Amino acid sequence: MAVIYYNGSIITLEKNENVDAILEEDGKIQCVGTVEECKKAAKEQARFYDLDGKCLMPAFIDAHSHLSNLASNQLQISLTGCSARKEVEQRIKTFIHENGIEPGEWVQAYGYDHNLFDKENEITLSFLDGILPDYPLIISHASGHSCLLNTCGLKCLGITTESSPISGGVIGQKNGKLTGYLEENACFEYLKKVPMADMKRFLQAYEKAQDIYASYGITTIQEGMCVTQMVPLLKALTEQNLLKLDLVGYVCPKDMPAYKEIFPIGNQSYHNNFRVGGYKIFLDGSPQQRTAWMLTPYIDDETYYGYPVMSDEEVYQSVKQAYEEHVQILAHCNGDAASEQYLNQIGKFKNIKDIRPVIIHAQLLNVKQLDKVKENGMIPSYFIGHIYHWGDVHIKNFGRKRASKISPTKSTLEKGILFTFHQDTPVIQPDMLESIWCAVNRMTKKGVVLGKEEAIDVYDAIKAVTINAAYQYHEEKIKGSLKIGKQANFVILSQSPLECKPMDINKIKIEVTIKEGNIIYQR
């Protein structure tokens, strides 16, 4: 059925101006203009959708996140916001009781952030053993770059003081004894060995996870690190037509053979809403955990720079693989040393800009590196929400001056470099309006304005989560703005972010999310 949307603020993002109406028919945009023009363009009698003064704009596009992790979290204990041992213990024991988990069965939790705990409430191995001696327990850090295990969990995974070191990772020990702490590659490798929930429960969790994205106005999402173990789940999602959002996956280079046998690769069309976009590699950790790899040391230790996860040769070979196969590559780089390593290897290939390499997070990408970014056609995808969620921690780790340069969006814009925003969900919720608010206001949780000179205007911030993100996916011809022939992917907001006070942008409500003409969320 043809639908004409009218009587509201309609932001096309084709030009910095509003239009009166938009016609959607057969899942595509057929006309953008006046109500009369839309009526004439309709192939059949159109139904009118009165926006009643609300704002309609292109649906948001998630430039980087982890759908499977968000789905997995629906089956785990949330420790988000916890700052005391007592609260951690209560949430864990309540979850076990409510879900009837028996001794010996795995218990998993997520969202723990050590920055919220004082020394007296520090989560230690002895504390975890005291509350759960008979259950293997693993707690994932909010950053996704470390985890904590109790002794039962360590035993189930076969981790001992004699376990082989893992390159680019840490198995925590103190005085010759395990601490239960795993960092970076050690965390990633052992997490793969934790038993997954049964297929039926996991597929139901995927449905809940997609509903979360849709509730934030998002219609295209990402699987930010595909490994072989996820193939059966992704295969089931596509075979059973369970994806209602477009999902683009990025694969660990060594795991690509398992995906090439089944799924569309690169810029091929989606199969039942899924395709593999290319490769994903990790080059360092996270700044709030002090594992981001820096060119300048952390403020309280002149000998500590963080550390790399991959060697130069490993990065080169991964980039070479993507370049030769002409598919995109995304590299997780938080610190400027990690970005420098990536830039150096990318720079060895001519015309690599055609594959649109992406720098994921780019938290401490420094302004001097932006010329290399532009030269190679690279796209920084900034985790702009760090300013609010961990800006105060970054001041502590790097000092006010360096922390103020985090996510240098204004400098990037002035260089003529296209960039995107993401939330690295489930690290934080996929709240695009919060990301826009962060980019415009650059305020921390404690109310510190962090790097006012790097703030951008609302319009450019909106582009980072719509048309720019579509470009990142090589999908700018079909998504990201309101133009005739593009998909009818819309979000309806309670108010236009261009018309409200900048400090109130994060108070705007998502009213409706529409994908290819179909309502997939309604408040």
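The values are calculated or read from the model by the stated rules, or taken from the named source; none is laboratory data. Predicted model only: the values in this text are computed from it and were never measured. Glycine also receives a Cβ, built like all others from the backbone with ideal geometry; neighbour counts cover every protein chain displayed.
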**OP:** Scan the range 359-412 for residues that are hydroxyl-bearing (Ser, Thr, Tyr) and closer than 20 Å to residue 114 by Cβ and jot them down.
**Re:** 388
Original post:
How about the range 86-117: which of its residues are surrounded by fewer than 19 Cβ atoms within 10 Å (Cβ to Cβ), in contact (Cβ under 8 Å) with a residue 12 or more places away in the chain and not in a helix (DSSP H, G or I)?
Top reply: 101, 103, 104, 105, 106, 117
Original post:
Any idea which residue in the range 299-322 is surrounded by the fewest Cβ atoms within 10 Å (Cβ to Cβ), counting only those that are hydrophobic (A, V, I, L, M, F, W, C) and assigned to a helix (DSSP H, G or I)?
Top reply: 315
**OP:** Having 2 or more residues that are in contact with a Phe, Trp or Tyr (Cβ under 9 Å, 6 or more places away or on another chain) is the bar; report the strands (runs of 3 or more DSSP E) wholly within the range 434-523 that clear it.
**Re:** 490-493, 510-515
Original post:
Which ranges mark the helices (runs of 4 or more DSSP H) fully within the range 323-430 that have 2 or more residues being aliphatic (A, V, I, L, M) and crowded, with 24+ Cβ neighbours inside 10 Å?
Top reply: 336-346
Original post:
In this structure, is residue 249 in contact with a Gly (Cβ under 7 Å, 6 or more places away or on another chain) and under 11 Å from residue 68 (Cβ atoms)?
Top reply: yes
Original post:
Within the range 139-151, how many residues are out of contact with any Cys (no Cβ under 8 Å at 6 or more places or on another chain) and either surrounded by fewer than 21 Cβ atoms within 10 Å (Cβ to Cβ) or within 19 Å of residue 385 (Cβ to Cβ) (or both)?
Top reply: 4
Subject >> Within the range 1-85, strands (runs of 3 or more DSSP E) holding 3 or more residues that are touching a Leu at 6+ places or on another chain (Cβ under 6 Å) and either touching a residue at least 40 places away in the same chain (Cβ under 8 Å) or more than 30 Å from residue 107 (Cβ to Cβ) (or both) >> reply: 3-11, 28-33
Original post:
Tally time: how many residues in the range 192-213 are under 23 Å from residue 147 (Cα atoms), modelled with pLDDT under 90 and of a type in the set (A, V, I, L, M, F, W, C)?
Top reply: 2
Original post:
Are any residues in the range 231-261 out of contact with any Phe, Trp or Tyr (no Cβ under 9 Å at 6 or more places or on another chain) and either among the charged types (D, E, K, R) or part of a helix (DSSP H, G or I) (or both), and if so, which ones?
Top reply: 232, 239, 244, 254, 255, 257, 258, 259, 260, 261
Original post:
Which one of these is of a type outside the set (Lys, Arg), buried (at least 24 other Cβ atoms within 10 Å of the Cβ) and farther than 20 Å from residue 269 by Cα: 456, 508, 519, 514?
Top reply: 514
Subject >> Residue tally, condition of a type in the set (Gly, Ala, Ser) and closer than 30 Å to residue 32 by Cα, over the range 53-88 >> reply: 3
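To keep it simple, each residue is scored yes or no on (1) buried (at least 18 other Cβ atoms within 10 Å of the Cβ); (2) within 33 Å of the chain's Cα centre (by Cα).
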position	(1), (2)
1	no, no
7	no, no
12	yes, yes
18	no, yes
21	yes, yes
29	yes, yes
42	yes, no
**OP:** Sort out for me the strands (runs of 3 or more DSSP E) sitting completely within the range 133-230 that have 3 or more residues that are in contact (Cβ under 8 Å) with a residue 40 or more places away in the chain and closer than 30 Å to residue 511 by Cβ.
**Re:** 218-226
